[in-house]
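Below is one structure; the comments refer to it alone.
The values are calculated or read from the model by the stated rules, or taken from the named source; none is laboratory data. Bear in mind that the values here come from a model prediction, so they are computed numbers and not experimental data. Note: ideal-geometry Cβ built from the backbone for every residue, glycine included; neighbour counts use all protein chains shown. With ligands, DNA and RNA removed, areas are computed over all heavy atoms of the protein, side chains included. Shrake-Rupley method; radii C 1.70, N 1.55, O 1.52, S 1.80 Å.
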Amino acid sequence: MKITEPLSRSRKTGTGGSSRGRQRDWWFQNRKLLRWMFGVLVLIVLLIFVIRVRESMEAEYVPKTQAFKAVALAMTDRPGCELVSREHPHVTGEAQNEWYAKYMDYLYEQSFLDEELTLPNEEGAAGYLTYEEAGHILAAVDKSLAKQLTVTRWNRSKFVRQEQWWQLYEAMIPILDSDALLSRQSLLLYGTPANVEGAAEWMAYTSLGTLKFEGLELDAYIDMELQILKRGTEIVRMEKVISEDVTYQNVWLREDGEEAFRFEIGDITRSFPLTKSMKKENLLNQLADVELRAGEVKKVRVKKDTIQAKVLSVSEEAIELEGYGELPLAENFKVYKLYGTFEEQSLDDILVGYSLQDFVAADGELCAALTKREFDAKTIRVLLMDTNFKSEYHNSVTIRAKGEAVISLDGDSRKTEKLADGEERSFMLDDEWFEKGRVLITPKEESGEIAILSISRSIGTPSYGGRIELLKTDNGIVIVNDLYMEDYLKKVVPSEMPSSYEKEALKVQAVCARSYAYRQIQGNSYSEYGAHVNDSTEFQVYNNAERTAKTDEAVNETYGKMLCLNGVVQDAFYFSTSCGHTTDGTIWGASLDEVPYLRGVLLKSGNQTLDLTNNATFETFIKDKSYATYETGFSLYRWRMKLTSTKLESVIPGIGTITDMKMIERGTGGIGKRLKVIGTAGEYVIEGQSQIRVLLGDPEQVIVRADESYLRGSTTLPSAFIHIDNLGQENGVTTFRIWGGGYGHGVGMSQNGAQGMAKAGMNYEEILKKFYTGVEIAEVK
């Protein structure tokens with residue numbers, strides 16, 4: 001043992017020495033790798049240090065480009081800077097394509113930047129604002145303002161601190177922004193390109209809409225409430241975080257895969273993971289308030305109480321629902337369409353007279369309207385004007401029941417009053433019935449009507465089917481007639497077209513009136529009072545002439561039929577009489593691409609065309625009262641009248657004595673679009689057919705019709721299809737003769753043209769397709 005033990009130790013020692021050798025070999029062989037790893041570690045440490053230093057500097061000093069942008073936007077908006085940059089570029093090189101170039105160009109042009117002090121390139125834009133640069137800007141704003149910043153040779157290259165710069169900027173604002181177009185506002189930041197796929201560069205999605213934030217760092221503030229300074233749609237500066245706790249109110253929760261939910265906010269969709277405490281089946285397809293803290297969902301408050309009722313009126317503050325009265329709207333009231341393709345709608349999509357929405361209520365307010373049903377245009381609500389159609393308001397209303405009727409108060413079924421057949425009832429402004437809201441007068445039988453004795457029409461005392469509603473407003477009593485669309489049309493057609501006309505012409509009128517009414521219901525013009533249209537020429541004349549069997553048949557035989565283009569109901573514009581050629585929809589500012597069905601047509605058989613945009617051609621045409629079209633022979637097919645310069649000078653002042661007029665632009669069919677009025681002290685151009693008719697109208701003059709009968713002039717010309725002859729001057733007064741044709745705006749269907757076509761054997765669909773290009777006549781389901 002004593003002999004072998006040292007040998008054993010010797011073997012161990014030998015083995016240990018061999019191990020150390022191998023270790024030395026390993027270190028030697030891998031020394032390059034080790035040096036590289038050590039270098040990477042040092043580099044990471046340095047990068048962290050540089051980032052921390054940079055973050056510290058960014059928090060402490062002002063980047064030049066942010067300062068330049070802020071100063072420029074105190075004087076003008078982004079488009080203003082872009083315009084100056086295009087016309088007077090200063091920035092050169094790659095920097096020309098950078099976001100800040102336009103702001104620097106603007107400041108160079110205004111002498112707020114000096115090209116020797118701040119180079120017009122990437123180098124000049126890089127880094128932080130120096131004392132010398134800040135001093136130059138302040139001096140350009142106001143010499144006295146420059147005294148607030150001391151610039152010396154010792155500090156001129158040093159950087160201005162954030163706090164100091166923005167204090168100086170506040171002092172600049174009253175001087176540079178004299179119109180106070182910079183605004184300080186709070187907003188919720190929904191998203192930036194960091195969390196919105198496909199978002200444009202520098203685009204922020206906020207509670208104020210989409211805004212640009214060029215050169216600013218906003219990604220870290222998503223789902224926070226911020227105070228910002230902005231001009232137009234450009235954020236000048238993010239000033240402070242108001243709160244990291246935000247609530248997205250009245251959002252509609254939808255599924256986003258198995259483990260998340262989503263909702264629309266502003267113009268974007270946000271998605272959040274479901275937490276363990278959230279039960280998917282309790283959240284999805286519900287209205288809710290989603291509370292977040294630092295971007296994480298903390299609570300979801302679902303709102304499940306709903307109301308389904310007919311909408312009686314809509315305003316910015318409240319919605320009146322049948323049986324519930326007027327209910328206030330929550331601050332962030334929303335409208336969502338749930339059938340078909342999901343979309344966020346607006347208050348304008350809530351149609352009065354219909355129950356297309358379920359209303360979600362919470363805390364005594366309506367939080368949202370959920371559109372679940374399609375609009376079918378089965379009913380219409382008509383605001384009834386006073387006698388002579390002068391006003392929407394009535395000082396008193398007297399009714400007579402034609403058949404038994406019931407007076408009730410919306411929202412209070414306990415208060416009712418019965419009316420016997422023939423019984424009368426008057427309502428004054430101080431009537432106790434108005435104390436609790438809208439008064440409803442409903443015939444007991446569907447065939448019953450309510451006569452309104454306080455209104456007079458051409459037929460005498462008018463009576464109305466359906467329901468009559470009375471609403472007291474600050475201006476007087478408003479009367480609304482709620483009835484079926486087809487019943488409404490049976491009193492529109494004879495009021496708009498003589499019942500003696502051919503049935504095919506009356507059917508044309510029925511289709512046009514139905515299409516027009518459909519579009520007006522969607523327009524929601526009188527939603528504040530709970531109506532769609534009024535009963536005057538402002539929309540369509542209603543109940544001003546007696547129904548006849550023929551006019552009823554015209555409505556019945558076209559039941560539900562409307563004027564459609566690619567399956568969409570169109571505005572079926574119509575007017576009384578043409579000059580033999582209609583015009584197109586561009587007279588109201590639209591392009592033909594927008595209204596391709598409203599093209600001017602020559603009212604002759606076949607597909608003949610005639611270019612009347614040339615003055616000489618139009619003069620020959622309009623002076624020929626025997627020119628053969630479907631309307632030849634109607635009294636207002638041609639007309640003429642005289643007009644003096646004295647009358648024109650009363651409505652077109654400032655150009656001296658008027659000596660001549662020249663049509664300098666005509667539209668399709670020869671309609672006047674631009675009329676030059678020439679005076680001794682200048683010229684004036686009347687723009688548009690409507691203004692031409694208004695300014696040349698004269699109720700003191702006599703219009704001579706084609707059959708040589710006379711018509712007293714009015715405040716507007718019968719049409720703008722006119723040619724003007726100068727008859728010369730006498731005693732300083734120039735007299736003009738106006739040769740005209742037709743009556744009305746000239747777009748769409750001419751009622752007398754339809755009569756002419758019907759008498760020539762055309763059916764109502766052929767007539768409609770003559771007036772409206774490319775349309776189909778269809779019943780809209």
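Count charges around LYS372 for me, please; just the other residues with Cβ under 11 Å from its Cβ, Lys/Arg as +1, Asp/Glu as -1.
Cβ neighbours under 11 Å give a net charge of 0.
Check the straight Cα-Cα distances from LYS561 and name the aspartates and glutamates below 12 Å, setting aside those fewer than 8 residues away within the same chain.
In chain and number order, the partners are GLU486, GLU765, GLU776, GLU779.
Where does helix 162-176 land angle-wise versus the long Cα axis of the chain, in degrees 0 to 90, nearest 10?
The angle comes out at about 30 degrees.
Check cross-link reach from LYS158 to the lysines: straight Cα distance under 25 Å, and skip same-chain residues fewer than eight apart.
LYS64, LYS69, LYS143, LYS147
What's the tally of Lys pairs in segment 588-733 whose alpha-carbon atoms lie under 22 angstrom apart, where the two lysines are 8 or more places apart or on different chains?
15
Starting from the 7 Å offset along Cα-to-Cβ, what nm value, one decimal, do you get for the label separation of GLU730 and ALA681?
2.6 nm
Hey, can you find the accessible area per residue of segment 334-386 for me, probe 1.4 Å, expressed in square angstrom?
36 Å²
Sum up the charges of everything whose Cβ sits under 12 Å from the Cβ of LEU602, counting Lys and Arg as +1 and Asp and Glu as -1, but leave LEU602 out.
Taking every Cβ under 12 Å from that of LEU602, the sum is +1.
Can you order the peptides 249-257, 353-361, 564-572, 502-510 by their average number of other Cβ atoms within 10 Å per residue, highest first?
Packing proxy ranking, top to bottom: 502-510, 353-361, 249-257, 564-572.
LYS276: which lysines have alpha carbons under 25 Å from its alpha carbon, excluding same-chain residues fewer than 8 sequence positions away?
Output for LYS276: LYS298, LYS299, LYS303, LYS304.
At what distance in angstrom do the alpha carbon centres of segment 308-326 and segment 251-289 lie from each other?
Spelled out, the Cα-based centre of one part sits 29 Å from the other.
Calculate the length of the line joining the C-alpha centroid of segment 620-694 to that of segment 156-200, in whole Å.
If we compute the Cα centre of each part, the gap is 54 Å.
Explain nothing, just the number: relative contact order of segment 257-330, from Cα pairs under 8 Å at least 6 residues apart, as a whole percent.
Answer for segment 257-330 is 14 percent.
Just to be sure I understand, if you calculate Cα extents along the principal axes in Å for this structure, which of (i) 81, 77, 58; (ii) 146, 73, 57; (iii) 99, 93, 45 do you get?
(ii)
Between ALA171 and ASN763, what is the label-to-label distance in nm when each label sits 7 Å out along the Cα-to-Cβ direction?
So the label points at ALA171 and ASN763 sit 8.5 nm apart.
For the chain, what is the relative contact order in percent, using Cα pairs closer than 8 Å and at least 6 residues apart in sequence?
It comes to 7 percent, rounded to a whole number.
Report for the chain the percent antiparallel among DSSP-assigned beta bridges with both residues inside it, nearest 5.
95 percent
Net charge near ILE724, counting Lys/Arg +1 and Asp/Glu -1 over other residues with Cβ under 10 Å of its Cβ?
-1
Give me the 1.4 Å probe accessible area per residue for segment 569-672, excluding ligands and nucleic acids, in Å².
42 Å²
Leaving out ligands, DNA and RNA, what percent of the accessible area of the chain is carbon and sulfur, probe 1.4 Å?
The C+S portion of the solvent-accessible surface of the chain is 47 percent.
Where only protein heavy atoms count, and the probe is 1.4 Å, what is the accessible area per residue for segment 456-559 in Å²?
That works out to 32 Å² for each residue.
Along segment 116-130, what does the Karplus equation 6.51 cos²θ - 1.76 cosθ + 1.60 (θ = phi - 60°) give for ³J(HN,Hα), rounded to whole Hz, x for Gly and Pro?
7, 7, 10, 4, x, 8, 4, 5, x, 8, 6, x, 10, 5, 8
Once a ≥ b ≥ c are taken as the square roots of the eigenvalues of the Cα gyration tensor of segment 96-232, is the result rounded (a/c under 1.5), prolate (a/b larger than b/c) or oblate (a/b not larger than b/c)?
Prolate, since a/c reaches 1.5 and a/b exceeds b/c.
Helix 131-141 versus the longest principal axis of the chain: what is the Cα-based angle in degrees, 0 to 90, to the nearest 10?
The answer is roughly 20 degrees.
Which whole-number percentage describes the relative contact order of segment 397-473, with Cα contacts under 8 Å and a sequence gap of 6 or more?
Computed value for segment 397-473: 36 percent relative contact order.
What angle do you read, to the nearest 10 degrees and between 0 and 90, between the alpha-carbon axis of helix 78-87 and the longest principal axis of the chain?
Approximately 80 degrees, to the nearest 10.
In the chain, if the dipole is taken from +1 on Lys/Arg beta carbons and -1 on Asp/Glu beta carbons about the Cα centre, which of GLY560, SER495, ALA171 is farthest to the positive end?
About the Cα centre, the residue reaching furthest to the positive side is ALA171.
Please work out the Cα center distance from segment 723-761 to segment 535-553, rounded to the nearest Å.
Rounded to whole Å, the Cα centres lie 26 Å apart.
Between ASN332 and ASN475, what is the label-point separation in nm under the 7 Å Cα-to-beta-carbon projection?
3.5 nm
Which shape class, rounded, prolate or oblate, goes with segment 167-241 when its Cα gyration tensor gives a ≥ b ≥ c as root eigenvalues, a/c under 1.5 marks rounded, and past that a/b bigger than b/c marks prolate?
prolate
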